[in-house]
Every structure is written in structure tokens, then in C-alpha cells.
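Engineer: First the structure, then my questions, so here it is.
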Amino acid sequence: MVFANLTFLFFFLPAVLCIYYAFPSRQVRNLILTLSSLIFYAWGEPIWVCLLIFSAIWDYFNGLWIARFINRPKLAKLGLLSSLSVNLGLLATFKYADFIVSTVNVLTGLDFRAPGILLPIGISFYTFQTISYTVDVYRGEVKAQRSLLNFMLYVVCFHQLVAGPIVRYAHVAREIEHRVFSASDFTYGISRFCQGLFKKVFIANIAGELAQNFLGKPAGEVSMLGEWFGLLMFAVQIYFDFSGYSDMAIGLGRMFGFHYHENFNYPYMSRSITDFWRRWHISLGSFFRDYVYIPLGGNRKNATRNIIIVWSLTGLWHGASWNFVIWGLYFGIILLIEKGGLLRILSKMPIAVQHTYALLLIIIGWDVFFFTDTGRLWDSLVVLTGFSSQPFYDFEVISAASSNIVWFTLATLSATPLPLRIYEKVCECGKFGIKQWIIPTTNLSLLAVSTTLLVGKTYNPFIYFRF
């Protein structure tokens with residue numbers, strides 16, 4: 001099940017909220033939320049719900065083992081190694097088995113048959129969450145959770161189960177056991193959810209269709225301007241798709257008393273690639289920083305090696321294909337160049353130049369991200385740079401751009417803080433009585449538009465389900 005779905009919006013979520021708030025007991029509420037989360041996951045992945053439960057129970061006991069032997073480092077490390085080996089082993093088996101086999105075949109000339117294992121939805125997110133938990137228990141940064149129910153809730157909570165953000169146990173440990181209802185939090189949660197739903201359905205889905213119309217064609221059938229237009233639409237799609245789901249997850253969390261950390265901070269407002277990766281998928285970036293980059297030595301020792309390792313892994317996390325590895329290394333190399341002195345040069349340039357520099361490199365990066373076929377990727381780069389025999393423009397791209405100019409203007413503004421600032425200023429005008437009706441009116445309008453677009457629509461993808 002996904003959030004941008006009529007069944008979820010008008011049946012599952014209202015039912016869970018009603019049942020949840022019908023019981024005042026925190027433990028009963030935790031049980032209701034855990035069971036409903038398992039139903040949510042099993043709705044689309046009935047086979048793999050057992051894997052999810054196994055992963056949660058395995059690291060629950062690993063956490064208890066580590067806590068028991070915290071003063072005996074060698075024994076405690078056994079629990080940590082158990083967690084890492086099983087979680088990374090599951091990830092390697094279900095996500096990378098085919099990639100590993102195909103790579104071995106290419107390198108050796110052999111012809112091993114790929115196992116063709118289906119990828120369980122959300123495995124990249126929940127394995128990272130449980131790894132962060134056992135590592136934090138081992139470091140003594142959090143106490144092991146003694147209640148299996150409470151730990152299961154942390155792992156399987158449907159708000160962030162299939163699409164993140166990656167939630168650290170330390171961020172929600174207190175709220176798992178002591179959260180309280182707040183009318184202001186609940187109202188904020190509804191608003192945040194409706195905003196995220198609108199971003200996903202009205203902006204990301206439309207951008208996705210436009211991107212497919214151009215990038216989905218063979219390179220010989222699209223003009224240079226058409227390739228750039230399709231790539232720009234994909235940049236719009238992936239941002240509003242993923243940030244929209246993060247908004248919905250944060251909003252759902254507030255409705256149930258959880259305060260998840262922000263996952264996006266207007267990344268297309270960045271002035272450098274370093275700035276971009278402080279704003280994009282913040283929970284993933286902080287995970288690799290705290291659990292890979294710093295333990296490897298960070299900036300203190302072999303910084304270049306550490307950055308290359310982290311960004312190779314960042315690319316692989318996104319998908320089992322060489323284009324993702326190239327994508328990760330692409331950004332890793334740019335970050336090294338910026339670290340080596342380019343940032344100082346950029347800081348002296350006009351802000352417009354800084355934004356243009358960052359956006360151009362980000363959008364080219366999305367081209368690498370989009371094409372899993374490296375041959376088609378090369379063809380696309382040739383078209384984008386004007387070294388192909390394709391025409392500069394064609395009627396189709398002019399028609400698509402002109403007919404969607406109003407929508408594109410709205411999407412562009414929505415990638416900046418301006419709409420939110422205007423909305424907040426209007427809501428602050430309490431003396432005019434505006435605040436009493438503007439919030440519910442806005443939420444109902446966003447929900448109505450999103451629902452209308454979902455009815456009868458078959459195109460409703462979510463890019464990060466692949467990861």
C-alpha cells in the first residue's frame with residue numbers, strides 16, 4: 001500500500017486513527033499501530049512481511065545481547081557483528097544478487113544464471129534503521145529496548161516503513177513510550193500530509209509523464225532540447241516524488257505523536273554540490289556520515305579514500321546497477337574538487353552563478369541516475385551536449401513546454417520556500433479572522449485536487465520503491 005492511494009486515504013488511515021484514539025492506553029496504542037503497520041506492509045508485500053518481522057526480532061535480541069555484555073567488549077561485539085552480517089547479508093541477497101552474478105559473468109566470461117530474486121519493498125530503509133540501532137546500543141548512545149512490541153513499532157511503523165526517512169532509534173525512543181496527543185501537532189500533521197500528497201500527485205506525477213514522453217524514447221528520436229526538457233522534468237519528478245512522501249511521513253508521524261526529522265531542505269536552492277547534499281535525503285546522508293565516513297577516519301585520515309567509499313556505497317544503496325555507482329562517484333568526485341578549493345572560488349561569485357553551477361551539475365547527475373542502460377546513458381549525454389546529429393528542437397517539446405507553462409511555474413515556485421512563507425504569513429493574520437478558516441480550507445482544497453487526479457489514473461509511480 002502507498003500513501004497516494006484512495007484506499008489508504010479514505011479507508012485505511014481513517015480506520016487506524018479511529019481505532020488508535022479509541023484506546024487511551026499507550027501500550028494498546030503501540031499494539032494497534034504495530035499491527036496496522038504489518039497489515040499496511042502485507043497489503044502489497046504479503047510474502048516479505050515475514051522477512052520484515054525476522055529482521056526486527058533478530059536485532060531486538062542483538063540489542064539485548066549487546067546491552068548485557070556492554071562491559072565485555074568482545075562479547076558485545078558479537079552481537080554487533082551478528083546484526084551487521086545478517087542485515088547486510090539480507091540486503092546483498094535480495095537487492096544485489098543479480099547484479100553480482102551479472103558482473104561476475106562479464107568479468108570472467110562465465111554464464112552463471114541470475115537468481116531473479118524479487119526486491120522486498122523498503123528493505124533498504126528498515127535494514128539501515130536496525131543497523132543504526134544496534135550500532136548506537138554498542139556505542140552506548142542509546143539503551144536497548146526491553147519491550148519487543150515497542151521495538152517492533154520502531155521498525156515497522158507504516159509512516160516511514162517503505163520510503164523513509166531513515167529514523168534513528170534515539171530520535172523516537174522517548175515518544176515510543178511517552179508520546180502524548182497534541183491538537184496542534186495533529187493539525188500540523190494533517191496540513192503537512194496534504195501538502196506532501198499534493199506535491200506527489202499534482203507535481204511529481206505530471207512531471208513523470210512528461211519525462212517518460214521524452215527520456216523514454218530512443219536517443220535517435222528526440223531533439224537536444226527535448227532531451228534537456230525530459231531531464232528537467234525528471235529532476236522535478238524525483239524531488240517532488242520523494243520529498244512529497246517524506247512530507248506525508250512526517251505529517252502521519254505528527255498525527256500519532258511522533259516528531260520525525262526533516263529529510264529535505266529545498267535542495268534545488270543549493271549554491272554548490274556540497275550544499276545540495278546537506279539538503280537532499282538528509283537522513284541517508286547523516287547515516288553514511290555517522291556510520292561509515294566518520295568511523296573510516298572522516299576528514300582526519302584518508303579523507304579522499306573515505307569520500308570515494310561513501311559515495312560508491314551511496315550510489316549502490318540507490319540501486320543494483322552500474323549507473324548508480326557512476327552516479328555516486330560522479331558526486332563524490334565533485335565534492336572532492338569543491339573541498340579542494342572550488343568552494344572558496346564559488347563563494348566569491350554572484351549568487352546566480354552559484355545556483356546555475358549547482359543546478360546544472362545536479363541535473364546532469366539525474367541523467368546518470370535515470371538510465372540503467374549505460375549505452376542509452378551515453379547516447380543521452382551525446383544528445384545533451386549537442387554532439388549528435390539530432391535537431392536542436394522539435395515541435396513536440398515546444399508544444400509540451402508551452403501547454404504546461406502555468407504548471408511548471410507553480411512547480412518551480414514550490415521548490416523554493418516562497419509559497420510556505422506566504423502561507424505562514426497569511427495564517428499569522430489572526431486579527432482578520434483568516435487563521436480560523438485558511439488552514440482547513442487549504443487542506444481540503446489540496447486533498448480534493450489530489451483525489452480528483454487519483455481517480456481513474458493508472459500512472460502513479462513512486463521512484464524510491466526501487467530502492
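Each value in this text was obtained by applying a stated rule to the coordinates, not by laboratory testing. These numbers come from a predicted model, not from an experiment. So basically every Cβ, Gly included, is an ideal-geometry build from the backbone, and we count neighbours across all protein chains shown.
Engineer: Give the residue from V353, G315, I294 lying farthest towards the positive end of the charge dipole for segment 265-374; charges sit on Cβ (+1 for Lys and Arg, -1 for Asp and Glu) and the dipole is referred to the Cα centre.
Structural biologist: I294
Engineer: Could you tell me the center-to-center distance, by alpha carbons, between segment 146-176 and segment 93-134 in angstrom?
Structural biologist: Taking the Cα centre of each part, segment 146-176 and segment 93-134 sit 25 Å apart.
Engineer: So for segment 17-137, taking the charge dipole from beta-carbon charges (+1 Lys/Arg, -1 Asp/Glu), which of T108, L81, Y96 sits furthest toward the positive end?
Structural biologist: L81
Engineer: Assuming a strict under-17 Å limit between Cα atoms, what lysine pair count do you get for segment 185-466 once near-sequence pairs (fewer than 8 apart, same chain) are dropped?
Structural biologist: Summing the qualifying lysine pairs gives 5.
Engineer: Charges at C-beta only: +1 for Lys and Arg, -1 for Asp and Glu. How large is the resulting dipole of segment 170-274 about its Cα centre, in Debye rounded to 20?
Structural biologist: The dipole of segment 170-274 has a size of about 180 debye.
Engineer: With Cβ to Cβ distances under 14 Å as the rule, what net charge do the other residues near F288 carry (K, R +1; D, E -1)?
Structural biologist: +2
Engineer: Still on this structure, I have one more. Filter the chain for me: DSSP H helices, axial length by Cα at least 30 angstrom, mean Kyte-Doolittle hydropathy not below -0.5. List them by residue number.
Structural biologist: Helices passing the filter in the chain: 73-108, 224-255.
Engineer: Under unit Cβ charges (Lys, Arg +1; Asp, Glu -1), what dipole magnitude, rounded to 20 debye, does the chain have relative to its Cα centre?
Structural biologist: Here the chain has a charge dipole of around 1760 debye.
Engineer: Also, I was wondering about something else. Within segment 166-194, whose backbone N sits under 15 Å from a point 7 Å along Cα→Cβ of L444?
Structural biologist: Counting backbone N atoms under 15 Å from the label point, the list is 191.
Engineer: Between L148 and S312, what FRET efficiency comes out of the Förster formula 1/(1 + (r/R0)^6) with R0 = 45 Å and r the beta carbon distance, rounded to 0.05?
Structural biologist: After rounding to 0.05, the efficiency reads 0.80.
Engineer: Further, regarding this structure: Calculate how large, on average over all directions, the projected area of the Cα convex hull of segment 1-143 is; give the answer in nm² to one decimal.
Structural biologist: With every direction weighted equally, the projected area is 11.9 nm².
Engineer: Treat the count of other C-beta atoms within 10 Å as a stand-in for reagent exposure and order D247, D367 from fewest to most.
Structural biologist: Fewest-to-most Cβ neighbours within 10 Å comes out as D367, D247.
Engineer: What Rg and what Dmax come out for the chain when only alpha-carbon atoms are used, in angstroms?
Structural biologist: 23.2, 75
Engineer: Expressed as a fraction of 2.2 N^0.38 Å, the rule-of-thumb size for a compact globular protein of N residues, what is the C-alpha radius of gyration of segment 70-193?
Structural biologist: The reported ratio for this selection is 1.38.
Engineer: Same structure, new question: With a cut-off of at most 11 other beta carbons within 10 Å, and DSSP calling the residue loop, which trypsin sites (Lys or Arg not before Pro) in segment 246-326 qualify? Please list them.
Structural biologist: Those satisfying the criteria are R300, K301.
Engineer: Given points 7 Å out from each Cα along the Cα-Cβ axis, report the T304 to L51 separation in nanometres with one decimal.
Structural biologist: For T304 paired with L51, the spin-label model returns 3.9 nm.
Engineer: Another question about this same structure. Apply 1/(1 + (r/R0)^6) to the Cβ-Cβ distance of E209 and F69, taking R0 = 45 Å, and write down the FRET efficiency to the nearest 0.05. Intermediate values should be presented prior to the final figure.
Structural biologist: Details: r = 55 Å, r/R0 = 1.22.
After rounding, the FRET efficiency stands at 0.25.
Engineer: Let me ask something additional. Relative contact order for the chain using alpha-carbon pairs under 8 Å, separation at least 6, rounded to a whole percent?
Structural biologist: The normalised contact order for the chain reaches 18 percent.
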